[in-house]
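Here is the structure we will look at, set down as structure tokens.
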There are 4 protein chains.
Amino acid sequence: MKALVYHGPGNKTWEEVPKPTVQADTDAIVRVDAVTICGTDLHILKGDVPEVTPGRILGHEAVGTVESVGSGLKNVRTGDRVLVSCITACGACRFCREGRYGQCLGGGGWILGHLIDGTQAEYVRVPFADTSTYPVPSGASDEEILMLADILPTSYEVGVLNGAVRPGDTVAVVGSGPIGLAAIMGARLYSPSHMVAIDLVDSRLEAAKLFGADVTVNNGREDAVEAVRSLTDGLGADVAIEAVGVPASFELATALVRPGGHVANIGVHGASATLHLEELWTKDVTITTGLVDTCSTPTLLRLVTSHQLDAARFVTHRFGLDEFDAAYDTFSRAGDTGALKVVLTRS
Amino acid sequence: MKALVYHGPGNKTWEEVPKPTVQADTDAIVRVDAVTICGTDLHILKGDVPEVTPGRILGHEAVGTVESVGSGLKNVRTGDRVLVSCITACGACRFCREGRYGQCLGGGGWILGHLIDGTQAEYVRVPFADTSTYPVPSGASDEEILMLADILPTSYEVGVLNGAVRPGDTVAVVGSGPIGLAAIMGARLYSPSHMVAIDLVDSRLEAAKLFGADVTVNNGREDAVEAVRSLTDGLGADVAIEAVGVPASFELATALVRPGGHVANIGVHGASATLHLEELWTKDVTITTGLVDTCSTPTLLRLVTSHQLDAARFVTHRFGLDEFDAAYDTFSRAGDTGALKVVLTRS
Amino acid sequence: MKALVYHGPGNKTWEEVPKPTVQADTDAIVRVDAVTICGTDLHILKGDVPEVTPGRILGHEAVGTVESVGSGLKNVRTGDRVLVSCITACGACRFCREGRYGQCLGGGGWILGHLIDGTQAEYVRVPFADTSTYPVPSGASDEEILMLADILPTSYEVGVLNGAVRPGDTVAVVGSGPIGLAAIMGARLYSPSHMVAIDLVDSRLEAAKLFGADVTVNNGREDAVEAVRSLTDGLGADVAIEAVGVPASFELATALVRPGGHVANIGVHGASATLHLEELWTKDVTITTGLVDTCSTPTLLRLVTSHQLDAARFVTHRFGLDEFDAAYDTFSRAGDTGALKVVLTRS
Amino acid sequence: MKALVYHGPGNKTWEEVPKPTVQADTDAIVRVDAVTICGTDLHILKGDVPEVTPGRILGHEAVGTVESVGSGLKNVRTGDRVLVSCITACGACRFCREGRYGQCLGGGGWILGHLIDGTQAEYVRVPFADTSTYPVPSGASDEEILMLADILPTSYEVGVLNGAVRPGDTVAVVGSGPIGLAAIMGARLYSPSHMVAIDLVDSRLEAAKLFGADVTVNNGREDAVEAVRSLTDGLGADVAIEAVGVPASFELATALVRPGGHVANIGVHGASATLHLEELWTKDVTITTGLVDTCSTPTLLRLVTSHQLDAARFVTHRFGLDEFDAAYDTFSRAGDTGALKVVLTRS
């Protein structure tokens, strides 16, 4: 089969590799029908994720059709259309039994396109398939369901649920890239009073309005803390969601929040941040971090099929499955191309 | 001044009475600008609420203007436009300190138009006014804010919050009278997958659609349990809200709910119901009852002013403040008139 | 092997039957080292549980040693000492993924000694063994760990956790049989101010004192509602736990609870109860029912090994594995024998 | 009357000042019967709290007898024995209505001995006395109740409740000074499996054992992270409580916690700390800060009177009310004197 193979920083090729086979009796082999590219894949290509070694097939998001299954699978059957989640869950360890699949101690967690071969290929082997895939509801398109592989559960669980958004809240989201937009869309499910998008790039703020922000702040020009205070009787945001992953954006989130509020970090951080405990110690704040567990995926599937969540809105560019070069190029130059999520589909 | 005085079952008159004065230093005297009639007022007039004695001024919902204040008030000032809540809160007892104002042990709770003179008058004395009134936001109309005196916080707190509605849920509401419709509107804030309205009257089910139900069931003709199961893989509703107040509707709610789900009773009951513990004991259900606390009122005010909640939609009929006879007549014949809430305003 | 086989109401024999073998690849065959009898087993023998058909091996609680395993097991290995839980969990269905194993949709739930052969035998086949057994901590005795097969997680999850017991609470437990005593022991973990045991039998109330009740009420002679009110400024219990399973005890629990309190039903009910909604509708009560999930088992294991929970205290009588007749006799005449839990161990 | 007056850094005198009088109608004048010294008072004396200006009477903890009351008080009466809480609550602002008294927007919060004259005096004026004092239960000693003015609610709310301690948890407390010991005592109410005390001073660790720690770690000599991991299958503490207030202790707390665990900061910080987001972003941690609200005071009072909490254990030294010099000397040299809390009582 063909697959996108990582050959060290800056190097990837769409090349012929052996087709995967069932190795453990809870494996499923899935034919990839639609796949996307994550910001994390760009980090890997820069060499920022050293666990990914040359020879690895990239990708951790897919919608596909089950081609063969191990003898131990109870729910997944050949021919099923499934969502392959970014998180693999053994289903039996302490953390999986608590629904904390991202922290799986039994060989799961984020492994696809990271510690084992991934989804940017014609076929992918999915371990623990009973607890790591979800059936695609009838009537739903591959494209919209694909958005539930990573970006939507990540922003919903790590941003919206950890942030404990409630109706009537003022929610500030720092960063209006795809993850920030997904946090805005997810927070909207709770009917906040104000949804404030904060970014340095005006075109992203325009996108934020389309995804549900009623207030936008360009914090290159405007004081975001003041803007949020003016909406909240001087108190600050009920919930501040960090969706960038650099120290400054996290520190801004902690400055935006009101006494008693929540700061939910979604961003992937490569450096430590300064926590202003000399101000925060009296402020009754709750700060959370988290890796997605995908425990919200069944909920998100219901929200998509009941038209409460317009998942397809993220898809800005479409390619064939063999057009990875063009797709990565478009996605990596999002500032120019306006790409949010690109989708590659088998023709 | 003029007031609507109860003179025993079936008897009420709009008559001249002494204008109220400040009695305790935390009292406010409020000029009534807009007032409505509650289903409970009809019960009182039937003689169902014996604590209400002849001579009592009726009514527990109003929007008005503060005319004078006791010396102990810190927040409420003469000239303020305020929402007079159906619940009066001393603010200092055990339950008030927990936000459970409906259970106030310090002389509050539901007292207006019940144990003391009420709001269906030109002026009303409001005890503990600092903790029993809310400022009307600028730009909001009396009419829409008046809906926050009772019906909206009751259905939101006792139905939606007690029921723990979450995004993606299937929510079944038994009863599509004003309280049921308010529960539908309130549950919509959490983006359920399905909002099922159940009633015996088709015209009410039509109203339910306007308030946000996507599925309606006339349980005079259709099997509501089956209808809900067909939406939920045979499991039942995540949340069943009882909004009628008779044994049959409560028992239906407990039959509608899925294992692990919530039954939230809002209805005012005059008789006991049968609880089928022989079926329910294994079903992991949570059943709640409750009196409104109005602790959600600040949240609901923000939702109205941010246009997340269309409170004014309940107002079907309008009258002058001296037209109580016509207003009661219209409201009590809701089946014919289609009345949801009637509003009487000072001209 | 030998096993205790049900032959219809009133009939059971310890007889030779075929030794179980691995049928599915997630089965384990466990040699039973210690086993106990549940009150439910007595119900089965009376013919109250028609799903149990003649020929069925009884029992759903055991501690044993894994003798053989299916090829699909990842965690359970031959030679492991394991606790066989009363609840079998497929680990992959919707409810298992929420930790609600008692409601397993994938073929689990309470099946041992019910829908499939049970633990009152020399060997037992345990399906889905990875998610249905727990390793016995080194240093712990079979006898104390055996108490975690059913009685302790049931009373802890369905009584204490569902009841939301908090430090400083007044907790009333209706019924001082083994399950009631286990609820007292479990609630004590949260340091209540008062732990009130209510029963009709003085000897049980004496036992309740040993398990941690500081107040006992014989409700054949005393007014339990008044007794609890006198401890709580007239308000009632923060939490009332029902541990009997008849309408009167449930109705007492709902009368004992304070406004805003919790009623947690543990009892197994064969008939419906009367719910006094005409009194309860304003009382802000939360009523819960539930089947044990055993999701608390890892926590309870830690509490036993850290000496926070004296599980062995329940064991009043000990027998050899072939002495089921004597053991059932002793357990079924608990009023005379003082039996709480009987343990049968392989010699 | 006599009072302890602050005269700038390093300067305090027990001197004659005017006796306070009722200024607002919700004031109470309380005769101080017992008073203690807080670590914060030492900070004030060093000049670290510039809001405290020369001339201010120090102290924010007392037990006393109400001598006179303003006309607006409903619950507090002359002659009542009351606990004067460190937090004053207006009872009517947004935060007070949520029980978040420490963030009071209506003129309360921490004001005694800070923004207004305090309790280290023969008499003290207590604003908003209905919501800022608690009746002393009959039978309780001044000394034990005095421990509920600050140290016990602070450690319980900000450490134990914010940290979400549960039965069976491994709880690590960084710092074994009085606040750390109070956190240990408070966490014990939830029956943790292991209570780990971490400090640099062996004598404090000995005290920690008396307050309920079963494991002690001198992190000057031992690796605290390793010690906690060895207790927890390598995962880390369920809850890490910071009870020192310097960057290193906070950073240690964040290193001690397991994936999915809680870090609860109690310490008073004067400088920012480093938050290692590059490690924590995937760890599902929850970090909380907080000022005490004293909303737990009624619970703690019940725990003291039901002998679940041995509050008096903190009192190591006793003085007369005019012996402030000796009392401050003893308290400020805790390393030498072994002082935990000193109590000064009116003779």
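Summing both sides, the accessible surface hidden between B and A at a 1.4 Å probe radius is close to 1200 Å². Across the range B:135-185, counting alpha-carbon atoms alone, Rg and Dmax equal 12.7, 36 Å. Peptide B:122-132 has a mean of 1 when you count, residue by residue, the C-beta atoms of other protein chains within 10 Å of its C-beta. For the protein assembly as shown, the Cα-based Rg and Dmax, in that order, read 32.3, 94 Å.
All other residues whose Cβ lies under 11 angstrom from that of B:ILE179 are scored, Lys and Arg at +1 and Asp and Glu at -1, for a net of -1. Projected onto its three principal axes, the C-alpha set of the range C:46-180 covers 49, 39, 33 Å, listed from the longest axis down. Counting Cβ atoms of other protein chains within 10 Å of each Cβ in B:300-311 and taking the mean gives 4.
Between C:HIS307 and D:ASP325, the modelled labels are 4.9 nm apart [label points 7 Å from Cα along Cα→Cβ].
For the range D:153-288, the average shadow cast by the Cα convex hull is 7.1 nm², which is a quarter of the hull's surface. Among C:262-273, D:333-344, A:168-179, the peptide with the highest mean count of other Cβ atoms within 10 Å heads the list, and the full ranking is A:168-179, C:262-273, D:333-344. Summary for C:ALA24: label point 7 Å along Cα→Cβ; distances to the equivalent points in the other copies, ascending, 1.8, 6.4, 6.6 nm. Taking each of B:LYS283/C:LYS19; B:LYS19/B:LYS74; C:LYS19/C:LYS74; C:LYS283/D:LYS283; D:LYS2/D:LYS341 in turn, the alpha-carbon distance tops 32 angstrom for B:LYS283/C:LYS19; C:LYS283/D:LYS283. Measuring from the axis that maps chain B onto chain D, the chain B residue with the nearest beta carbon and its rounded distance in angstrom come out as B:GLY72, 2. Close amide H contacts of B:VAL136 (hydrogens built in the peptide plane, cut-off under 5 Å, sequence separation of 5 or more or a different chain): B:ARG81, B:VAL82, B:LEU83. For B:LYS46, a cut-off of 16 angstrom between C-alpha atoms picks up these lysines, skipping any fewer than 8 places away in its own chain: B:LYS12.
Computed over protein heavy atoms with a 1.4 Å probe, the carbon and sulfur contribution to the accessible area of the protein assembly as shown reaches 50%.
Just so you know, the averaged projected area of the alpha carbon convex hull for the range C:249-347 sits at 9.6 nm².
Across peptide B:97-103, the mean count of Cβ atoms from other chains lying within 10 Å of each residue's own Cβ comes to 5.
If you keep only loop residues by DSSP, which GluC sites (Glu not before Pro) in the range B:1-89 have at most 12 other Cβ atoms within 10 Å of their Cβ? In loop regions of the range B:1-89 (DSSP not H, G, I, E or B), the sparsely surrounded GluC sites (Glu not before Pro) are B:GLU51. For the range D:1-99, trypsin sites (Lys or Arg not before Pro) meeting the loop criterion (DSSP other than H, G, I, E, B) and having at most 16 other Cβ atoms within 10 Å: D:ARG77. According to the Kirkwood relation over distinct C-alpha pairs, the hydrodynamic radius of the range D:1-110 is 15.4 Å. Applying Stokes-Einstein at 10 °C and 1.306 mPa s to the Kirkwood radius of the range C:1-62, computed over alpha-carbon pairs, gives a translational diffusion coefficient of 124 µm² s⁻¹. The Stokes-Einstein estimate for chain C, based on a Kirkwood radius over Cα pairs and taken at 4 °C with 1.567 mPa s viscosity, is a diffusion coefficient of 63 µm²/s.
The values are calculated or read from the model by the stated rules, or taken from the named source; none is laboratory data. Given the structure is predicted, the values throughout are model-derived calculations rather than measurements. Cβ sites come from the backbone with ideal geometry, for glycine too, and all protein chains shown count toward neighbours. Just so you know, the surface numbers come from the protein's heavy atoms only, side chains and all, with ligands and any DNA or RNA stripped out. Shrake-Rupley method; radii C 1.70, N 1.55, O 1.52, S 1.80 Å.
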